[in-house]
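Participant: Before I ask anything, here is the structure I am working with.
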Amino acid sequence: MRVLIIEDEKNLARILKKGLEENNFIADVSYDGEEGLYMAETYNFDAVLLDIMLPKLDGFSVLKALREKNITVPV
């Protein structure tokens with residue numbers, strides 16, 4: 001299972017990534033909303049862990065853009 005973590009706090013993102021990988025997930029990380037949206041639109045993920053307060057584009061806007069493009073990955 002491949003998971004996208006969109007989290008601007010680098011320590012928290014690192015901990016989440018490590019925990020997921022220790023449980024046999026593939027985890028990719030983005031540190032801002034714009035990059036996270038790009039990654040979610042470009043690559044296939046089975047789930048997205050999405051922070052709300054992000055630089056460049058907040059989590060609600062990321063989710064809205066994904067849904068408007070009919071990307072129905074669980075968030």
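Participant: Mean separation of Cα pairs under 8 Å and 6+ residues apart, divided by the residue count of the chain: what relative contact order is that in percent?
Facilitator: RCO, the chain: 35 percent.
Participant: Output the relative contact order of the range 19-59, whole-number percent, from Cα pairs under 8 angstrom with separation of 6+ residues.
Facilitator: Answer for the range 19-59 is 39 percent.
Participant: Please list, ordered by chain and number, the residues whose modelled amide H lies under 5 Å from the amide H of Leu57; skip anything fewer than 5 residues away on the same chain.
Facilitator: Residues meeting the criterion, in which the H sits 1.01 Å from N, are Gly33, Glu34.
Participant: Would you calculate, for the chain, the mean residue ellipticity at 222 nm contributed by helices, counting each DSSP H stretch of 4 or more residues as -39,500 (n - 2.57) and dividing by all residues, to the nearest 500?
Facilitator: It lands at -13500 deg cm²/dmol.
Participant: Let me ask you something else. Based on the alpha-carbon gyration tensor of the chain, what equivalent-ellipsoid semi-axes (square roots of 5 times the eigenvalues) come out, in whole Å, largest first?
Facilitator: 19, 15, 8
Participant: Could you name the lysines whose alpha carbon sits less than 19 Å from that of Lys18, not counting residues in the same chain fewer than 8 places away?
Facilitator: Lys10
Participant: Return the long-range amide H neighbours of Ile5 (sequence gap of 5 or more, or a different chain), with a cut-off of under 5 Å between placed amide H atoms.
Facilitator: Counting only residues 5 or more places away or on other chains, the set is Asp28, Val29, Ser30, Leu49.
Participant: Follow-up. Would you work out the charge dipole size for the chain about its Cα centre, treating the Cβ of every Lys and Arg as +1 and the Cβ of every Asp and Glu as -1, and quote it to the nearest 20 debye?
Facilitator: The calculated dipole for the chain is roughly 120 debye.
FYI, it's all coordinate maths here, none of it is from the lab. As the structure is a prediction and not an experimental result, all values here were calculated from the model. In this analysis, Cβ positions are derived from the backbone assuming ideal geometry, glycine residues included, and neighbour counts consider all displayed protein chains.
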